[in-house]
Structure formats: C-alpha cells, structure tokens
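Worksheet for the structure shown next.
Derivation of every value follows stated rules applied to the coordinates shown; laboratory data play no part. All values derive from a computational prediction rather than experimental measurement. Using ideal geometry, Cβ is built from the backbone for each residue, glycine included, and neighbour counts are taken over all protein chains shown.
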Amino acid sequence: MDLNPKRTVAELKELRSLTSDENGAQRVAFTKTWVAAREWLKKKLEELPVEIHTDAAGNLWTTLRGESERALLIGGHIDSVPNGGWLDGCLNVLAGVEILRRINEQYDGKPPITVRLVDWADEEGARFGKSLFGSSACSGNLNMDEARVLKDKDGVALPDALKEIGINFERVKDSGKELKTAAAYLELHIEQGPVLLDLDLPLGAVLGTFGVERHAITFHGQAAHSGSTPMNRRKDAFLAAGSMSQEIYRIAERSNGGVCTIGSCTTKPGIVTSVVAECRITLDQRHLDAPALAKMLQEAKAASERFALEGNVRVSWERIWQIEPVLFNPHLIKMCSDSITETCGKTYRLPSGPLHDAAEVARAGVPTVMIFVQSLHGISHNKIEDTKEEHLEMCVAAFDKLAGKAMSAIASGGLRK
C-alpha cells in the first residue's frame, strides 16, 4: 500500500464533522468531546498490528514493533482550543497514522526499527491554562506544585479532572519511561503564522522554538485630579507605559529576529477624572538565540527606567514566566529540508514562535525536528484556520519522506542522544 495523503485530508474532515460545531473545533482536553475523538482515533489505529496504551500522564501511545527497540517517535495532539481550527494538532496525528500504514505495509508489519505515534494530552492548556501538560510530564519538566493547584473556570482542579479519566496526578511523571528507547522525534504542524504565506512557500523546516521572557511591568505614579493638575506637575504612570509600547518595537527590530508584545494594560484608579497612579503592562519577549533574548530583556529594563525617570515615576518588574530557546537537531533539520525540497522543489528554514510538544521532547534529550505547512491567513486557534488541500497533501508526503530518512539513520546507528 502506497502512502495516501488524500486519505489523511478525508480523515481530517471526518474528525471535523464529529468534533466541531458552527464555532469551530471543540476538542478541549479532558472533556467528553476529546475522549470521543480519541476513541475515534483508536478505531483507525486498531486496523494495524500495533500496541495501543495510555501512559501515566494521559498520553496515547501506538507502537509498531520493529527489529530494533530503538524507536522513531511521531507526535501530535488531538486536543484543540475552544472554537479552534480543524488542523491545529490533529493534522500531526492523522499524518502519523498514514505513515504508520505505509511503514507497516512496506515492511510487512516488522520494520527495521520500532515506530511509535504519540497523541500528547492537553498540548493547548485551554482548560487549565497549562500548555504542554502531557509532554512536559513525560520530559520531567512539569512543575508539580504549580500544576496541582490549577483550576478551570468552573473551579474543578486539574488533579480531579485527571482522576475522572483514570489518571493519578501524583504519578504523571512516570510517563518519562516512554522516552527511554526514543532515537528521534518528528512533528508536523500548521505554521500558525504568515511567514510561509508571505513567501508563497508551502512547507518549511523548523530550526527550533523561541525562548520566552514574560514579565509584568508596573509604573507607579500619583493619582491627581484631571482638571486641577497642570501637565508639568503630573506623575502619570500611563505616560511612561505608553512610551514603552513604542520602544518594544524598536527593541524587536534591533534584535534580528525577535518579537516583543505588550499584551495587557491595567490602570488605577481607572477613572476618567484622575491621572493614572499605577499602570501595569505585560511584556512578552521571544527569540531563538539566548544571548539575543537576554539583550532584549536588558534593553527593555533600561528603557523602563529611562521612561520612569523622565516621567518622575517609579517602575518595578515581576517575572511571570521564562523558558530557554530550544534548538532542534541539525542532522534532522537537514533531512527535513531535503524532504521538503524533494516534495515541492524549494525549502525554507524558520523558527517557531509558539511552543510545541516537540520542544519538551527536545529538552528531554531526544533528537527532534518539526516541519511546518503554510497557514492561509496566517491564523490559527480560530474557526477560519485553514490550509490548501494541495499543501496538506504535500506536507503528508514530505513528512513521510522525513520519517523514512530518520528510520534509515536510526537503523544505521545514527542520531544517538
């Protein structure tokens, strides 16, 4: 049986009809729709001579045993955000199903190495606000104290939601044993941004995932009556914050590839008749290069001090979150680029701004790479998320070529950790 990318597109549409409504995909992790989506997936997989099990963190593993226990992992996530798109996450999984079919047929059920497909649990973090739950538990990087107290909008705690589907929260890191034989990890994903769209290219090889520095910056001024306080006597916290909103674009421009975002702004006392006494903004900075990310942060802190001094206010910083850049395996990146070139004639290498499960697997020491397919509109996490069908078929074909190259490298003893 040859690879059939058209079947993958058909199965994506089938999943959409089962788990979406007029507002988009509704496969939020640990909900009934998510469980139903997994049952549907299992039925597809049970047609193959594979072993299927759920690990201690709720990740679903499908294993096609080979001559060697060294394993090629193909990963994705079938969960979505509420009102999400029809491709984010599930494209990876269903392309992986088609590749398993091809490998099984080619090697008559016994490939030279073991091949495993993993559907990670709760990549999106939509219900509890913690992204990459299943993969970070498996990599050993999940902060248990932080995750233990997470609650959804209805007040349900994460450990209780896991218990409902048979998962013991306190043992989720036991899933780490699944990576013991992993020799390489491959992931396919829609780009979610406009880079490939703007370049008019269908596919790209991913260099790694951005490091992130996320902070709350608070400017402290003085409340005063908006009518009686002269402009030159004000200690306006919002004035300094407004200067920062422009400066972050200049910082990003100087960084050679970084991005900066002020995503929220709150003021106190927050009334129309008062000068702003306190203004809190959130700053998200991302870059693929760790020293460049550190420089962006240093420049932002220096700018905030300068604007505070100019406005006669104070400034304070609070770190919300931080993660280092994750660089993917250079040998796999080359294989990925070659596979793309063989499929559509031209390739491009780009970083990933969003985080993915692939970053957690790479952090665990497994050689990793991702392949991106163009997103129409450059938008995801939205019901209008889309990709041309011809590009979907191309990405499945290129992903399969990449799997073949990785299998050969593993079988010959390459890609050691």
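Remark on Gly208: its backbone amide H falls under 5 Å from those of Phe328, Ser352, a criterion applied only to residues 5 or more positions apart or on other chains, H modelled at 1.01 Å from N. Each residue of the stretch 212-223 was assigned a 3J(HN,Hα) from its phi angle through the Karplus expression (A = 6.51, B = -1.76, C = 1.60, θ = phi - 60°), giving 10, 10, 10, 9, 9, 10, 10, 9, 10, x, 9, 5 Hz with x at Gly and Pro. Please report the spacing between the Cα centers of the stretch 1-23 and the stretch 341-416 in Å, no decimals. Answer, in whole Å: 19.
Computed extension length for Asp2-Glu164: 54.3 nm, one decimal, from 0.36 nm per residue of separation with the Cα-Cα distance subtracted.
Estimated purely from DSSP H runs of n ≥ 4, each contributing -39500 (n - 2.57), the mean residue ellipticity at 222 nm for the chain is -12000 deg cm²/dmol once divided by its residues. Distance between the 7 Å Cα→Cβ label points at Glu310 and Glu69: 6.3 nm. Against the chain, whose longest principal axis comes from its Cα atoms, helix 5-19 is set at around 60 degrees. Please state the shape class of the stretch 54-198: rounded when a/c is under 1.5, otherwise prolate if a/b exceeds b/c and oblate if not, all from the C-alpha gyration tensor. In terms of gyration-tensor shape, oblate. What is the helix-to-structure angle for 389-411, meaning the angle in degrees between its Cα long axis and the longest Cα principal axis of the chain, kept from 0 to 90 and rounded to the nearest 10? Rounded to the nearest ten degrees, it is 70.
Site pair Asp145 and Leu18 shows an inter-label distance of 4.2 nm when each label is modelled 7 Å from Cα along Cα→Cβ. Would you indicate which of (1) 137, 78, 42; (2) 84, 47, 40; (3) 80, 70, 43 is the value of Cα extents along the principal axes in Å derived from the coordinates of this structure? Only one option fits the structure, namely (2). Other residues lying with their Cβ under 9 Å from the Cβ of Phe128 contribute a combined charge of +1, Lys and Arg counting +1, Asp and Glu -1. Solvent-free Debye calculation, one equal scatterer per alpha-carbon of the stretch 219-343: log10 I(q)/I(0) at 0.11, 0.17, 0.19, 0.21 Å⁻¹ equals -0.50, -0.88, -1.01, -1.14. In whole angstrom, note down how far apart the Cα centers of the stretch 202-255 and the stretch 72-125 are. Cα centres, the stretch 202-255 to the stretch 72-125: 41 Å.
Using the structure shown, list the pairs from Lys153/Lys177; Lys6/Lys388; Lys43/Lys151 with a Cα-Cα distance above 24 Å, or answer none.
Beyond 24 Å between Cα atoms: Lys153/Lys177; Lys43/Lys151.
Return the FRET efficiency for the residue pair Lys32, Lys177: r is the Cβ-Cβ distance, R0 is 25 Å, and the value is rounded to the nearest 0.05. About 0.30, to the nearest 0.05.
Shown here: the stretch 275-417, whose C-alpha atoms stretch 64, 38, 22 Å along the first, second and third principal axes, sorted largest to smallest.
Classify the stretch 209-276 from the C-alpha gyration tensor, please: rounded if a/c falls under 1.5, else prolate or oblate depending on whether a/b exceeds b/c.
prolate
Which angle from 0 to 90°, rounded to the nearest 10, does the C-alpha axis of helix 330-344 make with the longest principal axis of the chain? Taking the Cα atoms of the chain, the angle to 330-344 is about 70 degrees. For the stretch 149-239, the square roots a ≥ b ≥ c of the C-alpha gyration tensor eigenvalues yield an a/c of 1.5 or more together with a/b not exceeding b/c, which makes the shape oblate. Site pair Met231 and Ala216 shows an inter-label distance of 3.2 nm when each label is modelled 7 Å from Cα along Cα→Cβ.
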